[in-house]
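Remarks on the structure that follows.
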Amino acid sequence: MCLCIDCGIDTAPKDDRRRRGARTSEWYMVHDRVWAAAGMPPMSMFETKDFLCIGCLEARLGRRLNPDDFTDASINQPDRWSSPRLNARLVGQ
Ligand SMILES: [Zn+2]
């Protein structure tokens with residue numbers, strides 16, 4: 001479980017991994033400058049406890065995310081478990 005600290009949505013629901021979820025998974029990594037611009041501490045895949053969903057990150061930034069905001073991490077591949085809006089941002093939609 002990984003709750004968005006702004007809205008409380010679970011960004012990594014187990015049901016999505018079992019392919020029966022509502023596809024709300026938003027597990028991604030953005031560049032430090034993007035995270036910092038949102039007022040967040042440096043991101044680490046293993047230590048980050050504070051997480052934001054796509055909607056709340058965009059609200060903090062005041063703009064829509066685009067592919068350049070995401071790192072080359074393997075978790076940043078659009079996949080069938082991720083939320084439609086995360087998949088869309090990863091490919092520039
Ligand atoms: Zn949120």
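When you check Cys7 against the structure, is it hydrophobic (A, V, I, L, M, F, W, C), modelled with pLDDT of 90 or more and in a loop (DSSP other than H, G, I, E, B), yes or no? Yes. Here Ala59 fits the description: modelled with pLDDT of 95 or more and open to solvent by 30 Å² or more (accessible area, probe 1.4 Å).
Considering (1) more than 17 Å from Cys4 (Cβ to Cβ); (2) assigned to a loop (DSSP other than H, G, I, E, B), the lone condition that Asp68 does not fulfil carries the number (2). Restrict the check to region 28-40 and report whether at least one residue is modelled with pLDDT under 90 and open to solvent by less than 20 Å² (accessible area, probe 1.4 Å). The answer is no; no qualifying residue exists. Restrict the check to region 72-88 and report whether at least one residue is of a type outside the set (A, V, I, L, M, F, W, C), within 16 Å of the ligand (Cβ to nearest atom) and open to solvent by less than 20 Å² (accessible area, probe 1.4 Å). Yes, region 72-88 has at least one match.
The values are calculated or read from the model by the stated rules, or taken from the named source; none is laboratory data. Everything quoted here is computed from the prediction, not taken from an experiment. With ideal geometry, Cβ positions are generated from the backbone for all residues, glycine too; neighbour counts draw on all protein chains shown. Only protein heavy atoms, including side chains, enter the accessible area calculation; ligands, DNA and RNA are left aside. Shrake-Rupley method; radii C 1.70, N 1.55, O 1.52, S 1.80 Å.
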